[in-house]
Structure formats: structure tokens, C-alpha cells
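Trainee: For reference, the structure I am asking about is given below.
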Amino acid sequence: MLTTKNIRNICLIGHSGSGKTTFSETMLFESGAINRRGTVENGTTVSDFTNIEKERGNSVFSTLMHTHWRDRKINIIDTPGLDDFNAEVISALKVADTALIIINGSQGVEVGTELVWSYVNDFKTPTMFVVNQLDHEKADYDTAYEQIKSRFGAKVIPVQFPINQGTGFTSIVDALRMVLYEFSTNGGKPEKKPIPEAYVQQAQEMHNQLVEAAAENDETLMEKFFEAGSLNEEELAEGLTVALANQQIYPVFCSSAIQNMGSGRIMGFINDIAPCPSDRPPVPMETGGELDISEQGPNLAFVYKSMSEPQVGMVSYFKVYSGKLSAGEDLVNQSNRSSERINQIFLSLGKVRVATDSLIAGDIGATVKLKNSHTNDTLSGKGAEMQVMKMTFPPSKIRVAIKPPGKNDMEKLMRALHQIEEEDPSLHVEQSATLKQTLLHGQGQLHLDLIRYRIEKVNGILMEFEKPKIPYRETITISADEEYRHKKQSGGSGQFAQVSMRIEPYYEGMADPSDLNVKQKQTEELPWGGKLEFLWCIVGGAIDSKYINAIKKGIMNKMEEGPLTGSRCQNIRVAIYDGKMHSVDSNDMAFMIAASQAFKTAFENAKPQLLEPIYNVEILCPDESMGDIMSDLQTRRAIIQGMDSDGHYQKINVKVPLAEMYKYNASLRALSQGRAKYTREFSEYMKLPGDLQKQLIKESTLEAVVA
Ligand SMILES: Nc1nc2c(ncn2[C@@H]2O[C@H](COP(=O)(O)OP(=O)(O)OP(=O)(O)O)[C@@H](O)[C@H]2O)c(=O)[nH]1
Ligand SMILES: [Mg+2]
């Protein structure tokens, strides 16, 4: 019977094209889960089973698979290496207990490697490196290893090295077992041979390093090591398990996934040494406290991913954190308190799902047709009022606007988009009333193109993108006073209102005006950022205070659609200090209009200023492309904040106006041959340069719709 101790959850992560999907296929094949090895080229791998992945020859989604190796059940999650799909890597790491970083042996450490390294550091995931593609004619293990070591530190320790890498690759020296693995040209199970004389010393030195790492945490092991000069295999395994689990070692392995070489030994290591789910530290709870992964605890499962599949509907992938979940069980979704019945539980092997009765703590599986549960939700049984800490995903890097299709299609499109948004936490759909556009915020062009592809294929709606507008803001730079009289006589009763107001630039902590008598003060956070301070300074009842709301409404109408370009206004103080009213003709409407008009004219006289959104951008790029990237940034009105040399990479921190970021992803890709990455986050609003302001105002009077 399967116990938590016998489960190993691993995920394959790394730069795109390093061979993760191919490697997962060899693991499944070598362990007998499949009897024919598919290839990425033919679109026949277990992992890349969706049409889009087959068409592209890249992974796009993470895929849950499982297999058995000796007495262990190994759950394998293959993830996409393309940065656009980083949400899939984050959710896989959330539930994995060991990460395998796959390195392309002819390329060494790449930008994608750096990126996944930052994720494993966040999650504190025990990590192994696999230098793959050692059969490649340009394979260079030593350089790859040196890069791993110099980038990721002294805890990187080799377990293996190849002795005839390149075309004709067949042999790996294993310094843990002190043996040579020699493969036939078809790979598979290697022959074990003595290490050739020329490599014995190198292997012995590596072996000693491993022994020391194993003994480091355990005094008795250390004593034994000093007494006997070595440790036996069992003692070694015991020590290395602790060291790996505590991230005191990052062992490095060799493979050629395409030739089916190396995965068996790596599964053996996972079997013997990788931590089981309950070896990991207790799981932090959203609701406070921690939870031990244990079969004895209350039933608790966490949905790390959901994805709709044709003919099936929504498939939810989850990890059981505690207890034992049985099919047919009623659970409560701790995020929204809705009840969910788990009708069926499946083990997953790519698109193949096999029903099972139950899943124990630590195991990962899938279910279908949950009514009200999505990614990041915790489902629990009676007595477990807890929620597993939710995952956070990187902010979006790119936005596009959707050209509205017909009205009927628009409703269908929004429904479809919201469904994808529920599955994919790295997508954000925004219906912007200010910009009068529907915007998609995502991780990269490919990410959004993929969503368009899904909408077209699955929902049959043609979705076209257009340039998104920029959410400019308007403000003023000096104070201005204005008096406005609204007077209308039409037949019977007329309309009358007169308002005197002063507007000033607002800043935090500003003193009340010394020449006015402030009766009421309201400082409001505006829904679009910034503030409006409203001062009521009427003395002697020139305007009845019952008109305050109407006057404020008149001001807010203009704040929402600013006098310059129709953009939102922010950081303004308005003081109403005089006026007139008429006992019959004054009403709310008249005061609203008078206030609006007074505000508009005062605003225009107060040296108005357009503000534009500025983003903090962090770029990670190889040395070679640094120059080109910097010159390109200069054309984007960027302000360099700092540069850091980070190993073989340069990190550039820069502030860039959003207006200059359109299609930046594609430019960066072109400038760096796809090797640079960036993240961005909204920083602040800053003044738009005068010439651009003039141009925008001109455009907006022509178009009258710029937001
Ligand atoms: N020569 C050689 N090619 C390999 C090896 N492993 C994978 N490849 C090839 O490298 C390419 C990428 O392999 P994948 O397995 O799709 O790589 P991946 O890491 O899953 O890529 P993404 O899904 O884009 O992240 C394919 O053409 C594979 O055939 C290997 O060991 N040797
Ligand atoms: Mg892949």
C-alpha cells in the first residue's frame, strides 16, 4: 500500500529547449509507464499533448504525470521553459518537493535557468541539476558545470561527469557509486563497469566531497567518516537526504534525453535520496500557523492548477496536504465556503487519466467538474478550517486592447476570457471605462497570442488586438480662482446658481488656506489613484450647505473627464468660498453645472499638466546584448536607475513610460536573440514632457476620445 513516505514529487524546470519534455518521456519509458518513446518533433510525447504544444514543439502548460521506480511512486510535473508561461512553473514548484533544473549541455546556464533558480530560491525547493544533451556535437559539460557552480554557489556538487561527450556519447562516471555507466547506442539500461584508471582520481575527489556533504549534518556520520575514511551506501544516502532536503547540496547529473541515457540513475537517486512530502518543512497556512504533511491529519487538498479540456470540461489538479481523500467525499472550499463533492479522483499521465479510490497526504492527482473551485483554492473536510498559503504570480509584462467584435460576440468573448482568467492566474482581463477599451494584461506576446488562439479554436470567435490607450492623468501646477454664474430663464421657473472656487495642486500635509474660513474638509482617495480635497468655506449662508453634494458631483464629473484630454484628474484641492443662490430658481442641477464650469475654467487657468504612468522595469540580459538594449532604451525616454553585473548577465533597472513600452517584449527578444528577460511593475505618475503634452492635447481635440 502506498504511503506518504513512498511518494516523490518532482518538477522539471529550466530554459526552453533544454530538453525537459524529452527527459520526462525517457523517465516514463525507463520506468515502464509507457512502452514507446515519443518525440517533441513528432508531437507524440506524453507531456506535450495539447494541439498548441504539438504545433509549436514547445511546452505551454505544465503536465502532471506519474510513474513507479522500485518502491516509490514518482509524480513528475513537466513545465514550459518559455518565460511567457512562468505561472505554470510557479504552480508546479508550489506542490513539488524536488526540482530538477535541466541544462542544455551545449548552452550552459541560460536566462531561463536564472529565472527558474530565482523561483526555487523563493520556494526553498531541494534542487538537482541535470546537464542534458551531452550527445550534442557542441556539448561542453565542463563549461556548463563551471557556470552552474559560479552562478549558484559552492553547494553545487557534481555526482557524475561524462567521459566521451559529443556525438558518440555513451559513458558517464558516477562518483557516488564509484562506477562507470556505459550505454549501448540506443540508451536504456547501462552496463556497470569499473571507472577507467585515468578518471579514478577525479571520481574519488568528487566522491569525498559527497561524503563530506552527507556527513555534515550528523555527528555520528562525521565520526564514522573520520574513523573509516568513508561511509557505506546506506549511511551516505541518509546523510545526503538531509543535505538535499535542507538545500545544503545541489547535486549535478548527466544525461542525453534524446538517446535515453541517464534518467534511470537519476530516478534511482530520487528513489533513494530525494525527500518525500513529509520530509519537507510544515506548510504555511494562509489562515496563520503551519500544517504537517501527514496521513493522520484532517483532509486538506490544494488546487494548484485548473484547465478546461475539450469534451471533459474543467480539470482541477490538486495536492493532498493532509489526511486521505476518497472519491465521493464532500469538502468545503475554504476560499468561498461553497461545498464541493469530489466525485472522482484520477491519477494523471498527460492526457490519460486513471480513476483511483483515494489519494493520501503528499500525493498529487486530478478531479473534474468542481463547481466553484479554482487555482489557489483549498478544499477541506470537517474540522479543517485552514487554507494553504496562496501562490502569488508575477505582475503582467504586456497589455493589449481587444478590437470589439459584434455585440453578441462581445458577451460570448467576455465569458470565455473570464473562464481563461480563472484557469490562468497570470492573465488579467480589464474592462476599462476610462479608456473605453477591454484590455488583456499578460506575461508576453506569446501568452496573449495563445489566448487568442484558444478563443478562436475553442469558442469560434475571431479576436483581434489593437494598440491599448494609455491611462494619462491630468493635474494642475498653480492655484487659480474662478467665479461662475449659471443662469437660465425658460418659461416658468428658471435655474440659478453662482459659485466661487479656488483650485490648488494638492499635496500630503498641506496647510489649510489662511485667508479662508474652512467649515468642512473632506479628503478623498480617488478610485483611479491620487486625491481630491474638498473645502467648504462658505460663511454667512451665501450658499446653503444642502448644495454641497451637488457641487461636489459637478467637480467630480470634471475630475472623471478632465478638461485637457478627457483623462482622469488627480491631486487637486478645491475650496468653495462664495456664491449666490435664489430662493426659487436654485436647485441641485444648477449648482452642479455651475461647479463643473467653474472647475473647468479654473483648471485651464491653473497651468494644467498631463501625467503619464511610469513603470519600473528590470531587464536581465547577456553581456553581448547589453549595448543594443541600452541604446534602444534611450529611444524610449527611459531613466536608468542602476546596472549590476550578475555573473554572465547584466541586470538593468530602469524607469520607462508605459507609452514607450508597447511591443517591448518583441524588441527585447530581437535585440538579444531571445536571451533577455524583463519584469515590470507600475511605479508612479510623472509629468509628460511639454511637446508630447501639446501633441496629445491636439490629438484629443481632434478625436475627443483620448483617455
Ligand atoms: N541532441 C539532443 N537533443 C535533445 C535532447 N533532449 C532534447 N533534445 C531536443 O531539444 C529540443 C527541445 O526539447 P524539449 O524536450 O521540447 O525541451 P523543453 O525543455 O521541454 O522545451 P520547452 O518545453 O520549450 O521548455 C527538441 O528538438 C529535442 O529533440 C538531448 O539529450 N540531445
Ligand atoms: Mg517542454
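Trainee: Which residues, counting only those in region 64-84, are within 15 Å of ligand 1 (Cβ to nearest atom) and modelled with pLDDT under 95?
Mentor: Correct list: LEU82, ASP83, ASP84.
Trainee: Which numbered condition trips up ILE478, out of (1) open to solvent by less than 60 Å² (accessible area, probe 1.4 Å); (2) in contact (Cβ under 8 Å) with a residue 40 or more places away in the chain; (3) not assigned by TED's automatic domain parsing to the domain that holds ALA416?
Mentor: Against the list (1) open to solvent by less than 60 Å² (accessible area, probe 1.4 Å); (2) in contact (Cβ under 8 Å) with a residue 40 or more places away in the chain; (3) not assigned by TED's automatic domain parsing to the domain that holds ALA416, ILE478 comes up short only on (1).
Trainee: Residue check: is THR39 more than 23 Å from ASP449 (Cα to Cα), within 11 Å of ligand 1 (Cβ to nearest atom) and either buried (at least 24 other Cβ atoms within 10 Å of the Cβ) or not assigned by TED's automatic domain parsing to the domain that holds TYR304 (or both)? Give the derivation first.
Mentor: Numbers: more than 23 Å from ASP449 (Cα to Cα): yes; within 11 Å of ligand 1 (Cβ to nearest atom): yes; either buried (at least 24 other Cβ atoms within 10 Å of the Cβ) or not assigned by TED's automatic domain parsing to the domain that holds TYR304 (or both): yes.
Spelling it out, THR39 is indeed more than 23 Å from ASP449 (Cα to Cα), within 11 Å of ligand 1 (Cβ to nearest atom) and either buried (at least 24 other Cβ atoms within 10 Å of the Cβ) or not assigned by TED's automatic domain parsing to the domain that holds TYR304 (or both).
Trainee: Quickly run through region 410-431 and pick out the residues that are open to solvent by less than 50 Å² (accessible area, probe 1.4 Å) and either without any contact (Cβ under 8 Å) to a residue 40 or more places away in the chain or part of a helix (DSSP H, G or I) (or both).
Mentor: Residues of region 410-431 that are open to solvent by less than 50 Å² (accessible area, probe 1.4 Å), as a first pass: 410, 413-414, 416-417, 420-421, 423-424, 426-427, 429.
Scanning region 410-431 gives MET410, LEU413, MET414, ALA416, LEU417, ILE420, GLU421, GLU423, LEU427, VAL429.
Trainee: State all residues of region 237-288 that are open to solvent by 10 Å² or more (accessible area, probe 1.4 Å) and either within 16 Å of ligand 1 (Cβ to nearest atom) or in a helix (DSSP H, G or I) (or both); if no residue qualifies, say none.
Mentor: Residues satisfying the conditions are ALA237, GLU238, THR241, VAL242, ALA245, ILE258, GLN259, GLY264, ARG265, ASP272, SER278, ASP279.
Trainee: Regarding THR143, is this residue within 15 Å of ligand 1 (Cβ to nearest atom), touching a Gly at 6+ places or on another chain (Cβ under 8 Å), under 28 Å from PHE183 (Cβ atoms) and assigned to a helix (DSSP H, G or I)? Step through it out loud before you land on a result.
Mentor: Details: within 15 Å of ligand 1 (Cβ to nearest atom): no; touching a Gly at 6+ places or on another chain (Cβ under 8 Å): yes; under 28 Å from PHE183 (Cβ atoms): yes; assigned to a helix (DSSP H, G or I): yes.
Against the criterion (within 15 Å of ligand 1 (Cβ to nearest atom), touching a Gly at 6+ places or on another chain (Cβ under 8 Å), under 28 Å from PHE183 (Cβ atoms) and assigned to a helix (DSSP H, G or I)), THR143 does not qualify.
Trainee: Now for a different question. Would you point out which residue out of ILE470, ILE402 is in a loop (DSSP other than H, G, I, E, B) and farther than 19 Å from PHE61 by Cα? Spell out how you get there, then give the answer.
Mentor: Details: ILE402 fails: in a loop (DSSP other than H, G, I, E, B).
Of the residues listed, the single one that is in a loop (DSSP other than H, G, I, E, B) and farther than 19 Å from PHE61 by Cα is ILE470.
Trainee: Take the conditions away from ligand 1 (no atom under 16 Å from the Cβ), within 29 Å of ARG37 (Cβ to Cβ), of a type in the set (A, V, I, L, M, F, W, C) and in contact with a Ser or Thr (Cβ under 7 Å, 6 or more places away or on another chain) and apply them to LEU180. Does it pass?
Mentor: Values: away from ligand 1 (no atom under 16 Å from the Cβ): yes; within 29 Å of ARG37 (Cβ to Cβ): yes; of a type in the set (A, V, I, L, M, F, W, C): yes; in contact with a Ser or Thr (Cβ under 7 Å, 6 or more places away or on another chain): yes.
Yes, satisfied.
Trainee: Right, here's the next one. What number of residues within region 154-213 satisfy the criterion of being in a loop (DSSP other than H, G, I, E, B) and open to solvent by 70 Å² or more (accessible area, probe 1.4 Å)? Spell out the reasoning first.
Mentor: Quick first cut of region 154-213, residues in a loop (DSSP other than H, G, I, E, B) only: 154-155, 159, 163-170, 175-178, 183-190, 194-196.
Subsequent filtering for residues that are open to solvent by 70 Å² or more (accessible area, probe 1.4 Å) retains 154-155, 167, 177, 185-186, 189, 194.
Residues meeting the conditions: 8.
Trainee: Right, another one. If you go through region 48-76, how many residues are out of contact with any strand residue (DSSP E or B) (no Cβ under 9 Å at 6 or more places or on another chain), within 14 Å of ligand 2 (Cβ to nearest atom) and part of a loop (DSSP other than H, G, I, E, B)?
Mentor: Residues flagged as out of contact with any strand residue (DSSP E or B) (no Cβ under 9 Å at 6 or more places or on another chain), within 14 Å of ligand 2 (Cβ to nearest atom) and part of a loop (DSSP other than H, G, I, E, B) within region 48-76 amount to 3.
Trainee: Check off (1) more than 11 Å from ligand 2 (Cβ to nearest atom); (2) buried (at least 18 other Cβ atoms within 10 Å of the Cβ); (3) in a loop (DSSP other than H, G, I, E, B); (4) in contact (Cβ under 8 Å) with a residue 24 or more places away in the chain for GLY32 and give me the number that stays unchecked.
Mentor: Condition not satisfied by GLY32: (2).
The values are calculated or read from the model by the stated rules, or taken from the named source; none is laboratory data. Just so we're clear, the structure is a prediction, and the values are computed from it rather than from any experiment. Here the Cβ is made from the backbone with ideal geometry for all residues, glycine too, and neighbour counts use every protein chain on show. For the accessible areas, the whole protein counts, side chains as well, though only heavy atoms, and no ligand, DNA or RNA atoms are used. Shrake-Rupley method; radii C 1.70, N 1.55, O 1.52, S 1.80 Å.
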